[in-house]
Amino acid sequence: MVVATEEMAVYCFDTLVSHFTGDQPPAPAFEDGNHPLFVTWKKATNGSESRLRGCIGTLEPRQIVSGFKDYALTRHIVNLVSSCSALRDRRFPPIQSKELPSLECTVSILTDYEPAEDYLDWEVGKHGLIIEFTDPDYNIRRSATYLPEVASHEGWGHIETIDTLMKKAGYHGSITESLRKKIRVTRYQSTLYTMHYGEYVAYVKKNRGAAPAINGVPLVNGFKLGH
């Protein structure tokens, strides 16, 4: 089974740094394959808790090298894809190079898809969720997903997770027990790897001999040396 690794997070940082330099990112140091995957960017400043800066992925298998390269940067509208991204999410301004030192990247490889018996048949902190249901007000199908870490990070139980996921899917009507019981739930698991920019810099120095640079100038602690 393919698992999320340090090298995958490095490749996402490489891709983002290369976006600013105009260069091609170094070749990935992991084997290609076909798997569902997500890339999540968060930002922490002044010792505060990291906040979401962008997140995008696919619940369908795709080549992981091209997937990480695409999802590290751009917004794709695909069936059941999350609605946020690293650089081009309408809810977030584009990431700037000066933000790099405060960024952390989490790569996720999704596994073990299986139908749940009902909306309560999953474990907080272990399972991600895909819900599908018919909006009773408009008679249209709605769907949305949460990655496995979302509910535990937010401190949600089963009902709050399901209810917020229904709202994420675009449903704004009354949420009743009867409606919850009609939801089709697919649960899944994931492996993930989180890397802060400082760890990325250390990796690059160790393995390539020099810190990441933009326009030939190393970027350290948010400032270009000599400026």
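Over all Cα atoms in the chain, the spread is summed up by Rg and Dmax: 18.9, 64 Å. Considering only alpha-carbon pairs that sit under 8 angstrom and 6 or more positions apart, the relative contact order computed for the stretch 92-199 is 47 percent. Pair-distance distribution P(r) for the stretch 94-227, from all Cα-Cα distances in 5 Å bins starting at 0: 2, 9, 16, 15, 12, 9, 9, 9, 8, 6, 4, 2, 0 percent. In the assembled protein chains, Met195 presents an accessible area of approximately 0 Å² (probe radius 1.4 Å). Here Lys43 is the anchor, and the lysines within straight C-alpha reach of less than 20 Å, apart from those fewer than 8 places off in the same chain, are Lys69, Lys98, Lys224.
From the Cα gyration tensor of the stretch 8-61, with a ≥ b ≥ c the square roots of its eigenvalues, which class applies: rounded if a/c is under 1.5, or else prolate if a/b is larger than b/c, or else oblate? Walk me through the intermediate numbers first.
On the way: a/c = 2.35, a/b = 1.25, b/c = 1.87.
In terms of gyration-tensor shape, oblate.
How large, in percent, is the carbon and sulfur part of the accessible surface of the chain at a probe radius of 1.4 Å? Numbers along the way, then the final one.
On the way: 5600 of 11600 Å².
Ligands and nucleic acids excluded, carbon and sulfur give 48 percent.
Using R0 = 35 Å, the C-beta based FRET efficiency linking Ala29 and Arg141 works out to 0.30.
Only protein heavy atoms count here; under a 1.4 Å probe, Phe68 has an accessible surface of about 0 Å². Placing R0 at 45 angstrom, the Cβ-Cβ distance between Ala213 and Lys167 gives a FRET efficiency of 0.55 after rounding to 0.05.
Give, in nm to one decimal, the length gained when the segment between His158 and Lys98 is fully stretched (0.36 nm per residue of separation minus the Cα-Cα distance). Mind dumping the intermediate values first?
Details: separation 60, 0.36 × 60 = 21.60 nm, distance 3.89 nm.
Result: 17.7 nm gained on full extension.
Run the dipole for the chain about the Cα centre, Lys and Arg Cβ at +1, Asp and Glu Cβ at -1, nothing else charged, and hand back the magnitude in debye, nearest 20. Numbers along the way, then the final one.
Details: 25 positive and 27 negative charges, 173 e Å.
The dipole of the chain has a size of about 840 debye.
For the chain, the residue among Tyr11, Gly47, Leu147 whose Cα projects farthest onto the positive side of the dipole built from Cβ charges is Gly47. Taking a ≥ b ≥ c as the square roots of the eigenvalues of the Cα gyration tensor, the stretch 134-184 is prolate, since a/c reaches 1.5 or more and a/b is larger than b/c. State which helices in the chain qualify, where a helix is a whole DSSP H run, it must extend 20 Å or more along its own axis by its Cα atoms, and its mean Kyte-Doolittle hydropathy must be at least 0.0. Span-like helices in the chain: 6-21.
The values are calculated or read from the model by the stated rules, or taken from the named source; none is laboratory data. Computed from a predicted model, the values in this text were never measured in an experiment. Ideal geometry is used to build each Cβ from the backbone, glycine not excepted, and the neighbour counts take in all protein chains shown. Side chains are part of the model used for accessible areas, which takes the heavy atoms of the whole protein and leaves out ligands, DNA and RNA. Shrake-Rupley method; radii C 1.70, N 1.55, O 1.52, S 1.80 Å.
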